[in-house]
Amino acid sequence: MKEVTVEELLAKAEQPSKDALRLHPFYRGKIEVLPKCRIRDFNDFGVWYTPGVAAPCKKIHRDKEKAYEMTNKWNFVAVVSDGSRVLGLGDIGPEAGLPVMEGKALLYKYLGGVDAFPICLDTKDPEEIIKAVKWIQPTFGGINLEDIAHPKCFHILDTLRKEMEIPVWHDDQQGTACVTVAGLLNAVKIVGKKMGDIKVALIGAGAANIAIARLIVTAGVNPENIIAVDSKGILHKDRGDKMMLKTKYKEKWKLCETTNREGKRGDIKEAMEGADVVLSASRPGPGVIKKEWVAQMASDSIVFSSANPIPEIWPWEAKEAGARIVATGRSDFPNQVNNSLGFPGIFRGALDIRATKITDDMCIEAAKELAKVAADNGISEDYIIPTMDEWEVFPRVAVVVGTKGIEQGVARIKQPAKERFKIAEAIIKKAREEVQLLMKEGFIQDPDS
């Protein structure tokens, strides 16, 4: 087998960006609206629009829950962003964030059979964002907050979860945390360590890693064995900026209080010394994490380098430095720990029970099922989590999420797990086959033909 050079790996890593710049203007967007009802002739419009449509309108007016039966509310999700923290690109604004939100909607449909719409808001005021999301609630069965800067993202999510009648989810928090836990469960198993014993370095203390910290603790990690690092260094109780953290970054201050039993000081280098696991969700690399720092980790170390579009350290560099298992957020390297494995199935499950919220316990069940799918297929150092093309992942996740939601009393409807699996499987299969049919018939054009 030919040995792959660093230059070839770098070229491979740069190719998706080159393809994106060619294909985005060709298609002029990634999603569109298509009818789902029959239209035999123009008389059918009398059923779907006036005068026939008045009858379901009146029924919903008497009982608004009927909207779930007579409209597509049961399957609508809004992907809401202000463009203030898009991928690793920062505050680039709502228009520049739109390609990401369209991509998210595409993944929702193809992987979860969910009809998602990008909603990019021209405001960065958290109270205005909260107001806007509340205003659109009647149309949607769920809300996906996306790429909203912290700390306001915590306030927005917490407020909406309390005050909305439908599930509100911040994928940069809950989604990232879910798939990270899934990958970590199997990675720890492969290296023969226990969740309760591992020392974890969290590189970055933004929305993603704060949520990751919460969920890995729920999954069994001892919070005292976590050392978190932000742009000013390791988090600890005696930080010079603790008054600011207490008032403006309360979630980060909670990490100061509950983690770092040893009272370590320093920066990324010091946080990684002797760590079993690095979970990095900071700024794009390469070079944010250095090879020599990986070399100072414990034996059989695990490195999750999750920044997009470029990981904090290239996976081959981490391996050369001694890491046994390396994961990134990219699909072109092994072990893609990416939100796309989580949110389509999680929302499928939540929508299928008409959930009022998505709880942390529902996320943990999703993470366990993701890990189990990989374990069923045979985990290895280069396969700790399923890939997106293993489409059985999504109905399986949907079922366990729905089951936990029913157990926790957040479901409007209750159906047996077997029935929900059949429903989810059929919806997802239909979504995938529709795309293939449109491509086959030429309605989705081939740019290279």
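The values are calculated or read from the model by the stated rules, or taken from the named source; none is laboratory data. Here the structure is a predicted model, which means the values were calculated and not measured. Every residue, glycine as well, gets a Cβ built from its backbone with ideal geometry; the counts of neighbours run over all protein chains shown.
Key figures for this structure:
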quantity: Hits in segment 167-194 - residues which are out of contact with any helix residue (DSSP H, G or I) (no Cβ under 6 Å at 6 or more places or on another chain) and either within 18 Å of residue 398 (Cβ to Cβ) or of a type in the set (Asp, Glu) (or both); calculated: 169
quantity: Condition broken by residue 5, with the remaining ones in (1) surrounded by 10 or more Cβ atoms within 10 Å (Cβ to Cβ); (2) without any contact (Cβ under 8 Å) to a residue 24 or more places away in the chain satisfied; calculated: (1)
quantity: Candidate set: segment 184-202, residues that are hydrophobic (A, V, I, L, M, F, W, C) and assigned to a helix (DSSP H, G or I); chosen: the one farthest from the chain's Cα centre (by Cα); calculated: 191
quantity: The listed residue being β-branched (Val, Ile, Thr), at pLDDT 95 or above and assigned to a helix (DSSP H, G or I), out of 413, 427, 385; calculated: 427
quantity: Some residue of segment 99-106 being at negative phi, out of contact with any Gly (no Cβ under 7 Å at 6 or more places or on another chain) and in a loop (DSSP other than H, G, I, E, B); calculated: no
quantity: Residue list for segment 342-372, filter: under 18 Å from the mean Cα position of the chain (by Cα) and β-branched (Val, Ile, Thr); calculated: 346, 358, 359, 364
quantity: Conditions (1) touching a residue at least 24 places away in the same chain (Cβ under 8 Å); (2) out of contact with any strand residue (DSSP E or B) (no Cβ under 7 Å at 6 or more places or on another chain); (3) not in a loop (DSSP other than H, G, I, E, B); number of the one not met by residue 60; calculated: (1)
quantity: Qualifying residue in segment 6-18 (condition: at pLDDT 95 or above, among the polar types (S, T, N, Q) and more than 30 Å from residue 125 (Cβ to Cβ)); calculated: no
quantity: Enumerated strands (runs of 3 or more DSSP E) restricted to segment 268-366, each holding at least 3 residues that are closer than 21 Å to residue 210 by Cβ; calculated: 277-280, 302-305
quantity: Unmet requirement for residue 274, which otherwise passes all of (1) at pLDDT 95 or above; (2) surrounded by 18 or more Cβ atoms within 10 Å (Cβ to Cβ); calculated: (2)
quantity: Residue count, segment 112-158 (criterion: charged (D, E, K, R) and assigned to a helix (DSSP H, G or I)); calculated: 6
